[in-house]
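The values are calculated or read from the model by the stated rules, or taken from the named source; none is laboratory data. Remember, it's a predicted structure, so these values are computed and weren't measured experimentally. Virtual Cβ from ideal backbone geometry, glycine too; neighbours counted across all protein chains shown.
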Amino acid sequence: MSTTTAPTTELHSDDVAAIDELRQVYQNLKTELAKIIVGQDKVIEELAICLFARGHSLLMGVPGLAKTLLVSRLAETMSLNFSRIQFTPDLMPMDITGTDILQETAEGRREFEFMKGPVFANIVLADEINRAPSKTQAAMLEAMQEHRVTVVGRPYTLEPPFFVLATQNPVEQEGTYPLPEAQLDRFMFLITVDYPSRLEEIEIARTTTGTSLPTLETVLDSESVQRFQDLVRRVPVPQHIYEFAVDLVRRTRPKVDESPEWLKPLVSWGAGPRAVQYLILGAKSRAALTGSYMVRLEDVMEVAQPVLTHRVLTTFNAESEGITSSDIVDRLVTELNAQTSEK
C-alpha cells in the first residue's frame, strides 16, 4: 500500500467489530422501514448517513411523498423522542423553543415555570420550514448549531442525539419565505424526495389502504445512536480523500484559480469550508454503514450531491440555460474523478 492511500489512523479491533455491528443494525433498520415505506431507498440511506454524522437534513419534495411518515417511523425504530412543528406565517419563536408560564405553587405563591417547546426532542421535523418568517426560522439556528436554546436569557441544553429534519415544497412559492444562505448552510444534506416508480406506486396503493399499518420493532436506542456517532468520527480517511474533497469544493468557487472556465459564468457563489467537513463526515458515515473500515473515493462521490447542491448558487445565465446546481455538481465530480484516475 502506498503512502498516499494509507489510513491516517488505524482502527482498534473493538471499532472493527462495532462497524460490523453498525452495518447489521443499518440493514435491520431498512428492513423495518420497508414494512411501511415503499421505495425511497436512497432517501433512507442519506437520512441514516446524516444522522450518524450528527448532521441535519433538508428534505425537498412535493406533498404526498410520505416525508412526515418516514421521519416519524425512523424515530420509532430508534426509540427516540419525535416532535413535528408545522411552520406557518403566524408561528412565533416561543412556539418552537418554549416559554415561561406563570404557575401557582402549593404554598400559594406564583412563580414562572419554563414549559419546553417541541424543539426539545431527539428528532424534530420542521414541516414546510419556509412558510414561517425569518425571525421564526432563526429560532432553529442556535438549536441546530449549539444544541441548546436561550429563553429570556437562560440557556437550556437539548438532550443528545438531536437531529433536525426540515421539509420544503419546491412547487409552491406563494406565502413562503426562502431560507437565507446562512441557514441553508446549517443543513448537512439537501435530500431530494422524488416520485416513486410505477411498481412502487402500485405497492403503496396496495399496502396503505388497508385497516392499519404494521408496528415497527425498535432496532436502536439513544445510547446506541450516540455510540455509533462517536464511532463514525474514528473511521480512518486516506490523505488522497482529504485532497479530493478539498479540490472538489474549491472548484465550486468561480473566483479561484482551480475553478474550471465553464463554471465561472454559471455560478455566483460556491461552497465554503463547512462543505469540506460535511463531505468527509458524510463519507465516514457511509463507509461505516456499508461495513467499510476506511473511507473510499466512492463514499465522497456518493455524498457530493446532497452536501454541495444547496451550497452552489447559480447565476441568471445558468437559469436561462436550464442548468441547475445539481448538474454543475455532477459535472465537477465526474471531471475531478477522471483527472484523479489519470494521475
Query raised in the report: Pairs under 6 Å by beta carbon, first residue farther than 19 Å from ARG84 by Cβ and modelled with pLDDT of 65 or more in the range 165-181, partner part of a loop (DSSP other than H, G, I, E, B) and of a type outside the set (Ser, Thr, Tyr), six or more apart or different chains?
Result: TYR177/PRO133
Query - Given (1) at positive phi; (2) modelled with pLDDT under 90, number of the condition ASP100 does not satisfy - result: (1)
Requested in this report: Output yes when any residue across the range 216-238 is within 17 Å of the chain's Cα centre (by Cα), surrounded by 13 or more Cβ atoms within 10 Å (Cβ to Cβ) and of a type in the set (Lys, Arg), and no when none is.
Outcome: yes
Requested in this report: Can you give me the number of residues within the range 281-301 that are without any contact (Cβ under 8 Å) to a residue 60 or more places away in the chain and under 14 Å from the mean Cα position of the chain (by Cα)?
Outcome: 1
Query raised in the report: If you check VAL149, VAL124, VAL119, which single one turns out to be more than 18 Å from the chain's Cα centre (by Cα) and within 20 Å of PHE187 (Cβ to Cβ)?
Result: VAL149
Query raised in the report: Only one residue in SER341, SER326 is within 19 Å of the chain's Cα centre (by Cα) and over 24 Å from GLN229 (Cβ atoms), so which one is that?
Result: SER326
Query - Those residues of the range 93-142 which are among the aliphatic types (A, V, I, L, M) and farther than 27 Å from GLY55 by Cβ, in sequence order - result: ILE101, LEU102, ALA106, MET115
Report task. Kindly list the number of the only condition in (1) assigned to a loop (DSSP other than H, G, I, E, B); (2) farther than 15 Å from VAL164 by Cα that fails for LEU80. Result -> (2)
Query raised in the report: Out of ALA271, ALA318, ALA304, which single residue is at pLDDT 90 or above, in a helix (DSSP H, G or I), surrounded by 15 or more Cβ atoms within 10 Å (Cβ to Cβ) and under 24 Å from the mean Cα position of the chain (by Cα)?
Result: ALA304
Report task. Sort out which residues of the range 129-143 are within 21 Å of THR176 (Cβ to Cβ) and surrounded by 19 or more Cβ atoms within 10 Å (Cβ to Cβ), and write them in order of number. Result -> ILE129, ASN130, ARG131, ALA132, THR136, GLN137, ALA139, MET140
Requested in this report: Give the residues of the range 288-326 that are farther than 29 Å from PHE52 by Cβ and acidic (Asp, Glu), sorted by residue number.
Outcome: GLU319, GLU321
**Report entry** Odd one out for VAL152 among (1) closer than 30 Å to PHE112 by Cα; (2) β-branched (Val, Ile, Thr); (3) buried (at least 16 other Cβ atoms within 10 Å of the Cβ)
**Finding:** (3)
